[in-house]
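*Asks:* A single structure is presented below for examination.
The values are calculated or read from the model by the stated rules, or taken from the named source; none is laboratory data. Everything numeric here is computed off the predicted structure, so don't read it as measured data. No Cβ is skipped: glycine too gets one built from the backbone with ideal geometry, and neighbour counts run over all protein chains shown. With ligands, DNA and RNA removed, areas are computed over all heavy atoms of the protein, side chains included. Shrake-Rupley method; radii C 1.70, N 1.55, O 1.52, S 1.80 Å.
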Amino acid sequence: MTSVDRYGVMGYPVSHSRSPVIHRLFALQTGQNIQYELLQVAPEKLETAIRQFQRTGGKGLNITVPHKAEVAKLADHLSERASTAGAVNTLSFKEGEIVGDNTDGIGLLRDLVVNLGLTLEGARILILGAGGATRGIVGPLLEMQPASLCIANRTLSRAEALVEKFADAGELSARRFDDLTEASYDLVLNATSAGVQGETPPYPAGAISDRTFCYDLSYGLKPTPFSVWARAQGAARSVMGWGMLVEQAAESFRIWRGVRPETAPVLRQMSITA
Ligand code: ATR
């Protein structure tokens, strides 16, 4: 009897995760025989749970909130992008070793550039938030050679620390939300966790004009607070991160199975207007 290769997503909480649906659709589309589980694991049980999954023959895991930074410390090897981000969202178990990668940045880029048709070269980009989500996307965004990249955060020191970390890679600056008065941004990305926590911070109204494309890394069946707010400010477009979710999953699937699924039909099958 051939056993089915096992994968899963580990988070806390994780019951809301769409990853099992996405990976099942990828498997159907590419004719791959895999099993993909939801694994709710509290932070204090994380290492034990990962090692047990590995020991019992599991092939790979997606890692989600709040474990991404912790798992980066557990892996035997990290890809360059995971190491730069200090965060892992994809683990592969190979010959007894744990290999960590991060597909969030490439997932965001593919959604922005391929699905949504944005030109990032020469663009003026603003990121709201300076936590784990931002750390995963700054490097890949800078590789697209924007004219400037500003990181604004409630706590200025966290934005400043990120600017220092990536200083050699491009034109970067750190701001407080209150200091964003000129509406000179082509793209505003919300990478705060405020909406997820049911909070609506006073987002910087001055940063949005009718030429600004707004993108929320968060997503929901209802519009997120940021996407509602951005629309109300008269942004050119306001989009939630469903496409990034599907694209980062496709990249994980490729790492595990060696085949990259088509993402457009999966986005459509999830009945989502991205
Ligand atoms: P994640 O991995 O989701 O990025 P994180 O590392 O805890 O989580 O970072 C959360 C980010 O959302 C931070 O930038 C945080 O701002 P602070 O650094 O000032 O804490 C931001 N954030 C969360 N709730 C917020 C709120 N109500 N208003 C403004 N920013 C908020």
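*Asks:* Roughly how many percent of the accessible protein surface of segment 1-150 is carbon and sulfur, given a 1.4 Å probe and a whole-percent answer? It would help to have the intermediate numbers written out before the result.
*Replies:* Numbers: 3430 of 6900 Å².
The computed percentage sits at 50.
*Asks:* Can you list the residues of segment 19-39 with backbone N under 18 Å from a point 7 Å past the Cα of T56, pointing along Cα to Cβ?
*Replies:* Answer for segment 19-39: 20, 34-39.
*Asks:* Here is a follow-up. If I take every Cα pair under 8 Å that is 6 or more residues apart in the chain, average their sequence separation and divide by the length, what percent do I get for the relative contact order?
*Replies:* Details: 544 pairs, mean separation 41.7, N = 274.
Averaging sequence separation for qualifying contacts and normalising by length gives 15 percent for the chain.
*Asks:* Sticking with this one: A169 versus E44, label points 7 Å from Cα toward the beta carbon: distance in nm?
*Replies:* According to this spin-label approximation, the distance is 3.5 nm.
*Asks:* Could you work out, for segment 163-252, what percent of all Cα-Cα pairs fall into each 10 Å distance bin, beginning at 0 Å and stopping at the bin that holds the largest distance?
*Replies:* So the P(r) values, bin by bin, are 16, 43, 34, 7.
*Asks:* Grab the Cα-Cα distance for E182 and A264, subtract it from 0.36 nm times how many residues apart they are, and report the gain in nm with one decimal. Mind dumping the intermediate values first?
*Replies:* Values: separation 82, 0.36 × 82 = 29.52 nm, distance 3.57 nm.
Taking 0.36 nm per residue and subtracting the Cα distance, the gain is 26.0 nm.
*Asks:* If each residue of separation counts as 0.36 nm, what is the full-extension length gain between E70 and Q145 once their alpha-carbon separation is subtracted?
*Replies:* Working: separation 75, 0.36 × 75 = 27.00 nm, distance 2.99 nm.
Taking E70 through Q145 to full extension adds about 24.0 nm, to one decimal.
*Asks:* For L74, L120, what's the largest-to-smallest order of accessible area, 1.4 Å probe?
*Replies:* L74, L120
*Asks:* Which angle between 0 and 90 degrees, to the nearest 10, do you get for helix 156-165 versus the longest principal axis of the chain when only C-alpha atoms count?
*Replies:* Relative to the chain, helix 156-165 is tipped by roughly 70 degrees.
*Asks:* Taking amide H atoms as placed 1.01 Å from N in the peptide plane, list the residues 5 or more away in sequence, or in a different chain, whose amide H sits under 5 Å from that of G241.
*Replies:* The answer is D216, S218, Y219.
*Asks:* Could you list the residues of segment 47-73 with an amide nitrogen less than 19 Å from a label point located 7 Å from the Cα of E95 in the Cα-to-C-beta direction?
*Replies:* Hits in segment 47-73 for E95 at 19 Å: 54-55, 57-60.
*Asks:* Treating cross-link reach as a plain straight distance, find the aspartates and glutamates whose alpha-carbon is under 18 Å from the alpha-carbon of K222, omitting any fewer than eight places away in the same chain.
*Replies:* Those aspartates and glutamates meeting the cut-off are E199.
*Asks:* Can you sort R254, R24 by solvent-accessible area, 1.4 Å probe, largest first? Mind dumping the intermediate values first?
*Replies:* Details: R254 90, R24 130 Å².
Largest to smallest exposure gives the sequence R24, R254.
*Asks:* Here's something else I'd like to know. Return the calculated 222 nm mean residue ellipticity for the chain, to the nearest 500 deg cm²/dmol, obtained by summing -39500 (n - 2.57) across DSSP H runs with n ≥ 4 and dividing by the residue count. Let's see the in-between values first.
*Replies:* Values: 10 runs with 93 residues, N = 274.
Per the formula, -9500 deg cm²/dmol.
*Asks:* A further question follows. Ranked by accessible surface with a 1.4 Å probe, highest first, in what order do H16, H77 come?
*Replies:* Highest to lowest solvent-accessible surface, that is H16, H77.
*Asks:* Between 0 and 90 degrees, rounded to the nearest ten: what's the tilt of helix 46-55 against the longest Cα principal axis of the chain?
*Replies:* It works out to around 40 degrees.
*Asks:* Oh, and also: What distance in nm separates the simple spin-label points at A161 and V113, each placed 7 Å from Cα in the Cβ direction?
*Replies:* If labels sit at A161 and V113, their model points lie 2.9 nm apart.
*Asks:* Quote the accessible area belonging to D5 in square angstrom, nearest 10, computed with a 1.4 Å probe and with ligands, DNA and RNA left uncounted.
*Replies:* Approximately 40 Å² of D5 is accessible to the 1.4 Å probe.
*Asks:* State to the nearest 20 debye the size of the charge dipole of the chain about its Cα centre, where the only charges are +1 on K and R beta carbons and -1 on D and E beta carbons. Walk me through the numbers on the way to the answer.
*Replies:* Values: 27 positive and 28 negative charges, 153 e Å.
I would put it at about 740 debye.
*Asks:* Please give the per residue accessible area of the chain, computed with a probe of 1.4 Å over protein heavy atoms only, in Å².
*Replies:* Here the residues of the chain average 47 Å² of exposed surface.
*Asks:* Which shape class, rounded, prolate or oblate, goes with the chain when its Cα gyration tensor gives a ≥ b ≥ c as root eigenvalues, a/c under 1.5 marks rounded, and past that a/b bigger than b/c marks prolate? Mind dumping the intermediate values first?
*Replies:* Details: a/c = 1.92, a/b = 1.58, b/c = 1.22.
It is prolate, given that a/c is not under 1.5 and a/b is the larger ratio.
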